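Notes follow the structure.
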Amino acid sequence: MFKNYVSLFLAMILLSVTACTVSKDPVHTTIKQLQKGKLKDDTSFVYQLPYERHKSHLLVQGYFSRFTHKNRAALDFKMKRGTTICAARGGLVVRVKEDGNRGGLKDKFRQYGNIIVIQHSDGSRAGYWHLQLNGALVNVGDTVKQGQPIGYSGKTGYTLFPHLHFIVWRSANGNWQPMGTRFQTTKGIRFLRPGRMYKRID
């Protein structure tokens, strides 16, 4: 299994060669400094890893990674189809799409991406993408708790392989902007970095 993870990560590195431009988004610089510890954040909400307790998954892409995230503050966790996805933070379910049944690395597949969006108490929202067909365990209007199972991972929409695409946004003067988030890990509270395995321990 470990060899499979390594092979996948090396493949992602090779693919990134064709997309090596650096994002000009100012959020990019801030997040990179937070990841490296050059900036400190002791006040933002601490998220749980979005899968079951005691499970580990490889983060194949991180914030502004150079494959499909070069202009995006998002995280990609490698997961087999049917892996249970849990709410990284509690809130209100505001969007569910689970009727998509196709996936691939072409724009025509974007419309098939299944997703759950949860709004948090501070107005921010988290999106959980690429769920399997009929893979939602929640409905619009449901209130969920942190750590609660909400769906099953898949390979729908714009994606090369089965995984969970996770992103958090906040509204700034009516414009939704992605933001970096801290997670509880085995090594303490961290901004996650790609190429590493993360185990949920709470």
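The values are calculated or read from the model by the stated rules, or taken from the named source; none is laboratory data. Because the structure is a prediction, the values reported are computed rather than measured. In this analysis, Cβ positions are derived from the backbone assuming ideal geometry, glycine residues included, and neighbour counts consider all displayed protein chains. With ligands, DNA and RNA removed, areas are computed over all heavy atoms of the protein, side chains included. Shrake-Rupley method; radii C 1.70, N 1.55, O 1.52, S 1.80 Å.
Remarks
- Which listed residue is crowded, with 16+ Cβ neighbours inside 10 Å, touching a Gly at 6+ places or on another chain (Cβ under 7 Å) and at pLDDT 95 or above, from Val96, Val117: Val117
- The residue pairs whose first member lies in the stretch 128-144 and is assigned to a loop (DSSP other than H, G, I, E, B), whose second member is of a type in the set (Lys, Arg), and whose beta carbons are closer than 7 Å, counting only pairs six or more residues apart or on different chains, are His130/Lys155; Val140/Arg95.
- Residue within the stretch 161-184 that is without any contact (Cβ under 8 Å) to a residue 12 or more places away in the chain, open to solvent by 10 Å² or more (accessible area, probe 1.4 Å) and outside any loop (DSSP other than H, G, I, E, B) present: yes
- Test: residue in the stretch 93-102 that is of a type in the set (Asp, Glu), free of Cβ contacts under 8 Å to residues at least 40 places away in the same chain and out of contact with any Lys or Arg (no Cβ under 8 Å at 6 or more places or on another chain): yes
- Leu92 of a type outside the set (Ser, Thr, Tyr) and under 22 Å from His57 (Cβ atoms): no
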